[in-house]
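A.B. asks: Here it is: the structure, laid out below.
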Amino acid sequence: MTEPIQRPWWQDALIYQLYIRSFADSNGDGIGDIEGIRSRLGHIASLGADAIWLNPCYPSPQHDHGYDVANYFDIHDEYGTLDEFDQLVAEARDHNIKILMDLVPGHSSQDHRWFRAALAAGPGSAERDRYYFRDGKGADGSKPPNNWQSAFGGPAWTRINEDSDDGQWYLHTFAREQPDFDHTNVDVQQLFVDIFEFWFDRGVEGFRVDAVAGVGKHPDLPDQPPVGPDVGVLDITWVNPYIAFRPEGHEAWRRFRTAADSYMQRHPERELMMVAEAYAVRRPEIIKAFTEPDQFHQMFSFDLMLTPWEKASIERAMQDPLAILEETGVAPAWTLNNHDIQRIVTRLGREDAHRPESWTNNNLALSRAGVDTDLGERRARAMASLIFALPGSLYLYQGEELGLPEVFDIPDDRREDPVFERTGGAEIGRDGCRVPLPWDDDASSSYGFSVPRPNGSVGEPWLPQPAGWGAHSVATLEGIPLSTLHIYRKLGEARTAYATNQPLTADPVELGAGLVGVRRGSLLVVVNTTTEAVALDMNNPELADAQLVFASEPDEVDTPDMIPPNSTLWFTT
Ligand code: NOJ
């Protein structure tokens, strides 16, 4: 084993994505909160996390669960107070855990005071210039200014004051409650500088920056060219050349980086970071453009998240991020799950999960094929065992360590995702991966999610938990020796012992049919994507003197040269 390597913490970190609304509820109202997080920091530390990425917890009317921010300088009242937030930062630090926040630059809430002021101020005003207000088309302006579609379905424009002379329209790339900011406006530019200063002063170490693909628009807002019939309703926005990945966006990111760098110059002890969120799968040129040294430190690599369970596809998914690392030194930000995507246990448990073509348009999530969740959980463990070894940061989404499956049986009238409403129910949306976590097997406290109120009552969890949810709870899994939770904890330890002390490089290794091999320094990782145990060729020079140090299905490994089906082994050589 080699000595720990000095590098910026975020280049090779384990980050726990925490969806606050669904994590832990300390006051029995059925909604997760900051005190709930504080009470469960030990759980996050037990996974070996270096940081928490907190999904948005700013004041918000919650039309898109926090991605509609009404005030960037406070905490949402259902979640707690700024004082409680400060305590969380301090206590997390005691566990050696940093806090990253979620920054939403593309839009505010319709309840933001600037948007209200814009509505009151009228056409041509400085207040309206902070957003995209335009006159409609047609004699009475009753047609939208262009044909752009919202990423949540339906038109990207909403008209205000329809019956008055001021019948202007405003642009919203997402829901109508999320008006888009115009980042060419100096007030908007200054707002984000102020946001950085405010949260960095409170001890926040960086930001996950939301939906960077849609920030910056073609200045003329031209009509989108016709799209082919194969483009899904939720994808139209992302093939709009006047919205997606515009050069104008990069001007905003350079300003963001300048703000973060300026803070670090004044506080040299801090190592701040920003990770960009956009779906740029198999588009390495986009990742490179966003991670130029004057922009983001990292950008999510969603390639492995969207890959089918198949050797060539998994190898292909690692190829671009690793090539970028080699070429530019920018370490990938790997992830297998997030709050927008069907959970991996369900995706990889699909009967058609091995179909190589199924990565396109996230077909695995859309597939209606049957699901074997035991198989999916096993493959999820194997896939996690791959990314824990790779160079770069990895982002775990809460509940992944419990092997949670996607929840489908949510009644229509309990669905909260605006996608469901805006598509008239054609798309069920993302609620199924956001169901409140089970902490124990006690259904009367929403499986330990809620601490009862002083009178003993417990509010309904904001999204219903399915029957039997307690079988996935932390308490239950702690009692099962080789549960997914224990495997994740072992992975956290193995990562420190064998992976993060290696160089920030990795290379594919060919070990045989159905086997994915990756070498990182003296660590060799092998994933068996087949349904059979496979004998490893120990005469292969790659495996010379190999010592088995981790297995995702340890009870099935009799001899180190046999890799169980749908599983991963780590060797040091
Ligand atoms: C991406 C976020 O991850 C998603 O949850 C949100 O709905 C959109 N951006 C809009 O902010």
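The values are calculated or read from the model by the stated rules, or taken from the named source; none is laboratory data. Remember, it's a predicted structure, so these values are computed and weren't measured experimentally. As a convention, Cβ positions derive from the backbone with ideal geometry for all residues, glycine included, and neighbour counts pool all protein chains shown. Note: accessible area is taken over every heavy atom of the protein model, side chains too, but ligands, DNA and RNA are not part of it. Shrake-Rupley method; radii C 1.70, N 1.55, O 1.52, S 1.80 Å.
A.B. asks: Can you tell me how many residues in the range 12-38 are open to solvent by 10 Å² or more (accessible area, probe 1.4 Å), touching a residue at least 60 places away in the same chain (Cβ under 8 Å) and more than 18 Å from the chain's Cα centre (by Cα)?
C.D. replies: 4
A.B. asks: Further, regarding this structure: Which residue out of R415, R378 is within 16 Å of the ligand (Cβ to nearest atom) and of a type in the set (K, R)?
C.D. replies: R415
A.B. asks: Among the residues of the range 499-521, count how many are surrounded by 15 or more Cβ atoms within 10 Å (Cβ to Cβ) and assigned to a loop (DSSP other than H, G, I, E, B).
C.D. replies: 9
A.B. asks: Within the bounds of the range 334-351, is there any residue that is assigned to a loop (DSSP other than H, G, I, E, B), open to solvent by 10 Å² or more (accessible area, probe 1.4 Å) and away from the ligand (no atom under 16 Å from the Cβ)?
C.D. replies: yes
A.B. asks: Across the range 90-131, what is the total count of residues that are more than 16 Å from the ligand (Cβ to nearest atom) and either in a loop (DSSP other than H, G, I, E, B) or open to solvent by 10 Å² or more (accessible area, probe 1.4 Å) (or both)?
C.D. replies: 23
A.B. asks: Please find, among T291, T346, the residue that is among the β-branched types (V, I, T) and free of Cβ contacts under 8 Å to residues at least 60 places away in the same chain.
C.D. replies: Matching residue, one of T291, T346: T291.
A.B. asks: Sticking with this one: State the number of residues belonging to the range 261-284 that are within 16 Å of the ligand (Cβ to nearest atom), open to solvent by 10 Å² or more (accessible area, probe 1.4 Å) and at pLDDT below 95.
C.D. replies: Of the residues in the range 261-284, 2 are within 16 Å of the ligand (Cβ to nearest atom), open to solvent by 10 Å² or more (accessible area, probe 1.4 Å) and at pLDDT below 95.
A.B. asks: Residues G153, G138, G122, G106: which one is small (G, A, S), more than 20 Å from P219 (Cα to Cα) and within 23 Å of the chain's Cα centre (by Cα)?
C.D. replies: Being small (G, A, S), more than 20 Å from P219 (Cα to Cα) and within 23 Å of the chain's Cα centre (by Cα) holds for just one of G153, G138, G122, G106, which is G153.
A.B. asks: Out of L390, L306, report the one residue that is touching a residue at least 24 places away in the same chain (Cβ under 8 Å) and within 16 Å of the ligand (Cβ to nearest atom).
C.D. replies: Answer to the selection: L306.
A.B. asks: Here's a follow-up. Select, from Q62, Q87, the only residue that is in a loop (DSSP other than H, G, I, E, B) and out of contact with any Cys (no Cβ under 8 Å at 6 or more places or on another chain).
C.D. replies: Q62
A.B. asks: Additional query: Looking at Q168, Q189, can you tell me which residue is away from the ligand (no atom under 16 Å from the Cβ), surrounded by 21 or more Cβ atoms within 10 Å (Cβ to Cβ) and farther than 19 Å from A278 by Cβ?
C.D. replies: Q168
A.B. asks: While we're on this one: Tell me whether the range 13-28 contains one or more residues that are within 16 Å of the ligand (Cβ to nearest atom), small (G, A, S) and at pLDDT 95 or above.
C.D. replies: Yes; the residues of the range 13-28 include at least one that is within 16 Å of the ligand (Cβ to nearest atom), small (G, A, S) and at pLDDT 95 or above.
A.B. asks: Against the conditions (1) out of contact with any Leu (no Cβ under 7 Å at 6 or more places or on another chain); (2) touching a residue at least 12 places away in the same chain (Cβ under 8 Å), where does E421 fall short? Just the number, please.
C.D. replies: (2)
A.B. asks: What is the number of the single condition among (1) farther than 27 Å from G154 by Cα; (2) part of a helix (DSSP H, G or I) that W238 does not meet?
C.D. replies: Looking at each condition in turn, W238 falls short on (1).
A.B. asks: Can you tell me which residue in the range 418-455 is most open to solvent (accessible area, probe 1.4 Å), limited to those that are in a loop (DSSP other than H, G, I, E, B) and within 16 Å of the ligand (Cβ to nearest atom)?
C.D. replies: I428
A.B. asks: Which ones in the range 467-498 are within 14 Å of A551 (Cβ to Cβ), part of a helix (DSSP H, G or I) and open to solvent by 50 Å² or more (accessible area, probe 1.4 Å)?
C.D. replies: If the condition is that a residue be within 14 Å of A551 (Cβ to Cβ), part of a helix (DSSP H, G or I) and open to solvent by 50 Å² or more (accessible area, probe 1.4 Å), then K490, E493, Y498 are the ones that fit.
A.B. asks: Out of all the residues in the range 524-573, which are open to solvent by 50 Å² or more (accessible area, probe 1.4 Å) and part of a strand (DSSP E or B)?
C.D. replies: Once the filter is applied, which keeps residues that are open to solvent by 50 Å² or more (accessible area, probe 1.4 Å) and part of a strand (DSSP E or B), the range 524-573 yields A535, Q547, L548, M562.
A.B. asks: Which one is most open to solvent (accessible area, probe 1.4 Å), of the residues in the range 132-157 that are part of a strand (DSSP E or B) and farther than 22 Å from A278 by Cβ?
C.D. replies: Of everything passing the filter in the range 132-157, K143 is most open to solvent (accessible area, probe 1.4 Å).
A.B. asks: In this structure, does Q87 turn out to be over 22 Å from the mean Cα position of the chain (by Cα) and not aliphatic (A, V, I, L, M)?
C.D. replies: yes
A.B. asks: Just give me the residues in the range 196-231 being within 16 Å of the ligand (Cβ to nearest atom), in a loop (DSSP other than H, G, I, E, B), small (G, A, S) and in contact with a helix residue (DSSP H, G or I) (Cβ under 7 Å, 6 or more places away or on another chain), in sequence order.
C.D. replies: Within the range 196-231, G216 is the sole residue that qualifies.
A.B. asks: Mind checking which residues of the range 393-412 are modelled with pLDDT under 95 and either within 16 Å of the ligand (Cβ to nearest atom) or under 29 Å from V330 (Cβ atoms) (or both)?
C.D. replies: none
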